[in-house]
Amino acid sequence: MASEKNPAMAAATGEESATLAAFAAGLRYEDIPDAVVDRTIDFFVDWAGSVLSGAGQRAIVALEKLAETMGPSEGRSEILVSRRMTSPLFAALVNAAAAHISEQDDVHNGSVFHPAAVVFPAALATAQHVGASGRDLIAASVAGYEVGIRVGEFLGRSHYRVFHTTGTAGTLAAAVATGRLLGLDAVRMLHAIGSAGTQAAGLWEFLRDAADSKQLHTAKAAADGLTAAFLAMDGFTGARRILEGRQGMAAGMSSDADPARLVDRLGARWAVLETSFKFHASCRHTHPAADALLGVLEANDLSAGDVSRIVAHVHQGAIDVLGPVTDPVTVHQAKFSMPATLGLIATHRRAGMAEFDAYLGDDAARTFLGRVEMQLDPEVDAAYPNRWIGKVSVTTASGEVLQCRVDEPKGDPGNTLSRTEIDAKARRLAAYGRTLEAAGIDRLMPDLWSIASRNEIGRLIP
């Protein structure tokens, strides 16, 4: 994917990385609109619930053990799932993995990127380490969202076919959030971005083996981005054109990179406000079809036994990511299966944490492995990734074909979650992880919602 074969790269000015760095270094809390601050707090609360839901899950336990073995036994940064204090590096690593494993963390459609999973772990760990305020945490997180989302958009659809964007763009997002908290100037922020970009990684091949690598993607993105920023603070240099350079990320990782996306209306367009919450506990590519199937079931009062076949009309990205999973053998792999997700919707009208946990033994839901197929839909594909349209065709046992279309899945900005719904979701996820009793969750939630008012970010969970 060399830049010489990428016509869009001809439009690069060579200053895009520097422009992003200057924006991130100079962003002040006072510059951020109230709506963006409020939505960032919403995502922070949502993220904390996702992290706590990861407690006790096998991959997270393994990473906790790594942190205990390799990291310091004390520090100012908090591993939320174990309530152990350690260095910023290992706190970010474990919290980022835990945030992503339940498939309930937020997503930005246009970049196909999960910002919270990598931005907040690095930002929180650093803020706790340096004694930053809640306002500083929010400003740093907004900078991470804005830069990470634009990098994901820049790398494009060709990148996402092979690379997990949250692992790649996420490394730069974490570096920017950390660098903002460390007070990096524009020059050092650019070095942090360069060092982050050269470490960026994450490949989709893990899906075929039901491997744990997806959690490693977010863990390393947060930890490596944080590392890049701390090094830059001490004068460590990085490539100044890591994104648009002749041997930079686009040259090696994309064939449709668009440099204009990197600096698109910086400071005027707030990509935080374009970011979606996840409603179902599965890969976001399943959500539009899941919502459309719910629409058919509810409108026609159908039970699972009434459904003989389901066609999900999808974009190519859904086929690329979900297609390799034909017979899920783990709960996490089931979350990347369209038949598994739609089977749960058909059987239970829900695809939440409990439904997926029981999926491997759920014979009724598993019968849909042979009844669901994905078909590429030109309209849906043309709209993707900016819009994720859901379409299904359901053939009933009597032979009738019923259809439904959803233009904005539940959780999208135009069909968003209210603060009441966000609070309830975070509480459910925290309870699922069993790190906290009900009284502990009740104490934690007001502290999460008021995070911006803290004079100093200390422990979240005493």
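The values are calculated or read from the model by the stated rules, or taken from the named source; none is laboratory data. Quick caveat: nothing in here was measured; it's all calculated off a predicted structure. Positions of Cβ are backbone-derived with ideal geometry, glycine not excepted, and every protein chain shown enters the neighbour counts. We work out accessible area using only protein heavy atoms, side chains counted, and drop any ligands, DNA or RNA first. Shrake-Rupley method; radii C 1.70, N 1.55, O 1.52, S 1.80 Å.
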note = In nanometres, the difference between 0.36 nm per residue of separation and the alpha-carbon distance of Tyr29 and Ser453 is 151.4 nm
inquiry  = Under a crude label model (7 Å from the Cα following the beta-carbon direction), how far is Asp209 from Gln247 in nanometres?
reply    = 2.9 nm
ask   = Ignoring ligands, DNA and RNA, what percent of the 1.4 Å accessible area of the stretch 137-281 is carbon and sulfur?
value = 52 percent
query = If you put +1 on each Lys and Arg Cβ and -1 on each Asp and Glu Cβ, how big is the dipole of the chain around its Cα centre, in Debye rounded to 20?
reply = 660 debye
ask   = Any idea how far apart Glu15 and Ser158 come out in nm if each label point goes 7 Å out from Cα toward Cβ?
value = 2.6 nm
ask   = Quick one: if you take sqrt(5λ) for each eigenvalue of the C-alpha gyration tensor of the stretch 177-221, what semi-axes come out, biggest first, whole angstrom?
value = 30, 11, 5
key: Evaluated at q = 0.09, 0.11, 0.16 Å⁻¹: base-10 log I(q)/I(0), Debye formula over Cα of the stretch 270-403   = -0.24, -0.35, -0.75
note = Per the rule of 0.36 nm per residue minus the C-alpha distance, extending Gln316 to Asp38 adds in nm 96.7 nm
task = Give me the accessible area per residue for the chain, probe 1.4 Å, as a whole number in Å².
result = 36 Å²
request  = Counting only C-alpha contacts under 8 Å and six or more residues apart, can you give the relative contact order of the stretch 1-131 as a whole percent?
outcome  = 23 percent
note = Computed curve, the stretch 410-462, Cα-only Debye sum without solvent term, log₁₀ I(q)/I(0) at 0.14 Å⁻¹, is -0.45
message = Going by amide H atoms built from the backbone, whose H comes under 5 Å of the H on Leu402, apart from near neighbours?
response = Val394, Thr395, Thr396
request  = Note the full-extension length gain between Asn415 and Glu373 as 0.36 nm times their separation in residues minus their Cα-Cα distance, in nm to one decimal.
outcome  = 12.5 nm
task = In vacuum, with every alpha carbon of the chain counted as one equal point scatterer, what does the Debye formula give for log10 I(q)/I(0) at q = 0.05, 0.10, 0.11 Å⁻¹? Two decimals, please.
result = -0.16, -0.67, -0.81
note = In Å³ per residue, the alpha-carbon convex hull of the stretch 49-180 encloses 99 Å³
inquiry  = Could you compute how fast the stretch 258-331 diffuses translationally, taking Rh as the Kirkwood radius over C-alpha pairs and applying Stokes-Einstein at 37 °C with viscosity 0.692 mPa s? Give it in µm² per second.
reply    = 208 µm²/s
ask   = Whole-Hz Karplus ³J(HN,Hα) for the stretch 164-172, in order, using 6.51 cos²θ - 1.76 cosθ + 1.60 and θ = phi - 60°, x for Gly and Pro?
value = 7, 4, 5, x, 8, 4, x, 5, 6
request  = Can you send over the carbon and sulfur percentage of the accessible area for the stretch 333-462, probe radius 1.4 Å, protein chains only?
outcome  = 49 percent
Pairs of lysines in the chain (C-alpha under 20 Å apart; 8 or more residues apart or interchain) = 13
Separation of the Asp264 and Thr395 label points, Cα + 7 Å toward Cβ, nm = 3.9 nm
Inverse mean reciprocal Cα-Cα distance (Kirkwood Rh) of the stretch 135-276, Å = 15.0 Å
request  = With a/c under 1.5 counting as rounded, go ahead and sort the stretch 37-82 into rounded, prolate or oblate using the C-alpha gyration tensor (a ≥ b ≥ c being the square roots of the eigenvalues; past the cut-off, prolate if a/b is larger than b/c, else oblate).
outcome  = oblate
ask   = Using θ = phi - 60° and the Karplus form 6.51 cos²θ - 1.76 cosθ + 1.60, what ³J(HN,Hα) does each residue of the stretch 117-133 get, whole Hz, x for Gly and Pro?
value = 4, 10, 6, 5, x, 5, 5, 5, 4, 6, 4, 5, 5, 9, x, 6, 7
message = Quick check: at a probe of 1.4 Å, how many percent of the accessible area of the stretch 20-101 sits on carbon and sulfur atoms?
response = 53 percent
ask   = If you plug each phi of the stretch 274-287 into the Karplus form 6.51 cos²θ - 1.76 cosθ + 1.60 with θ = phi - 60°, what whole-Hz ³J(HN,Hα) values come out, in order, with x for Gly and Pro?
value = 8, 7, 10, 8, 9, 9, 7, 8, 8, 3, 4, 5, 7, 5
inquiry  = Going by amide H atoms built from the backbone, whose H comes under 5 Å of the H on Val372, apart from near neighbours?
reply    = Ile310
